[in-house]
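Below is one structure; the comments refer to it alone.
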Amino acid sequence: MTLEKTTVSIGLERPVKLLHVTDTHLDLADERDDERKRRLAGRMGSPSEKHILEEQIAYAHENCDLLVHTGDLIDFVSIPNVEAARRILKDEHIFFIAGNHEYSQYVGEAWEDAAYRMNSYMKMGYGLGVPMFFNSKIVGGVNIVGIDNGYYRFEDWQIWKLKREAEKGVPIVLAFHDPLFEESLYQEHRRRAPNSCTYLVGCDEEHLLPYDEFRAVQQRPDEPTLRMIDYIRSEPLIRVILTGHLHFDYVSNLTDSLVQIVTGGGYEGIAREVTLV
Ligand SMILES: [Fe+2]
């Protein structure tokens, strides 16, 4: 595995170490799945990625307080993918929040919205055995809070729950799949992929202008999303965001006291050790 290392100073008495892993994209299917799912199997490089994930989990057990997985653990909903994810997520050393692919039936075959997500959620047996839409866990004096934003939006109930987490009074590390808009990250994505949208949450109309119409509709923020972003940027206890989805590494500041860390694709063997001090 490739291990990136990042240290963020948030004024802790004792350091907390997190292993950030994202976008594993397990891509298993077997004879219990239909032909269409079987054709998707292996598209991201299984089974080597499974082996990499095992290595990452072993590393986290030995060296870190927690492994934080920010979604796309599976590439699509299949029987062996759901079985593997449920088995992996039983490990209490792993904190998980869902990405967009957790609910993907055939990868890009349908408009993905709340109804699509809930249908997939029910098909996988009401989720993967852990909270999927909002999750929190205190480790070493830091509150890790996971929020599903895999479809580029937040919902008002998630703001209520995040405010309740802030009442606990300890520093917060947010974990979610899709990164928030930040100018230098937007430009970096445009540089890497000039013809692509940037998949960032909260782009204003000016930054959506180069998008094709499908991607602009898909990623245009709604009012609750903008409210959530305002809240995240203004709450001083929120110090770090761990995120993925882009499949490349990038670190930048959203505000003077808030760092956003994008970690590259777990399917390529990338993990990041984040040391909070
Ligand atoms: Fe993703």
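All of the numbers you see were taken from the coordinates with simple rules; none came from a lab. Not measured: the values here are computed from a predicted model. Cβ placement follows ideal geometry from the backbone for every residue including glycine, while neighbour counts extend to all protein chains displayed.
Things to note:
- Extension gain (nm, one decimal) between W160 and S252, 0.36 nm per residue minus Cα-Cα: 30.5 nm
- Unsatisfied cross-links (Cα-Cα over 18 Å) in the set K17/K90; K17/K137; K17/K163; K90/K137; K137/K168: K17/K90; K17/K163
- The simple spin-label model puts a point 7 Å past each Cα toward its Cβ; for N119 and T7 those points are separated by 5.0 nm.
- Cα shape, region 1-54, gyration tensor, a/c 1.5 rule: prolate
- Note that the chain shows a convex hull volume over its alpha carbon atoms of 122 Å³ per residue.
- Nearest-20 debye value, the chain charge dipole, Cβ charges on Lys, Arg, Asp, Glu: 460 debye
- Over region 2-276, relative contact order from alpha-carbon pairs under 8 Å, at least 6 apart, %: 26 percent
- For region 136-199, trypsin sites (Lys or Arg not before Pro) meeting the loop criterion (DSSP other than H, G, I, E, B) and having at most 13 other Cβ atoms within 10 Å: K168.
- Each stretch of four or more DSSP H residues adds -39500 (n - 2.57); spread over every residue of the chain, this sum gives -9000 deg cm²/dmol at 222 nm.
- Qualifying GluC sites (Glu not before Pro) in region 75-142, where qualification requires a DSSP coil assignment and no more than 12 other C-beta atoms within 10 Å, comprise E92, E109.
- Applying a DSSP loop filter and a limit of 12 other Cβ atoms within 10 Å to the chymotrypsin sites (Phe, Trp or Tyr not before Pro) in region 108-177 leaves W111, Y126.
- Compared with the alpha-carbon gap, the fully stretched path from R86 to R32 is longer by 17.7 nm at 0.36 nm per residue.
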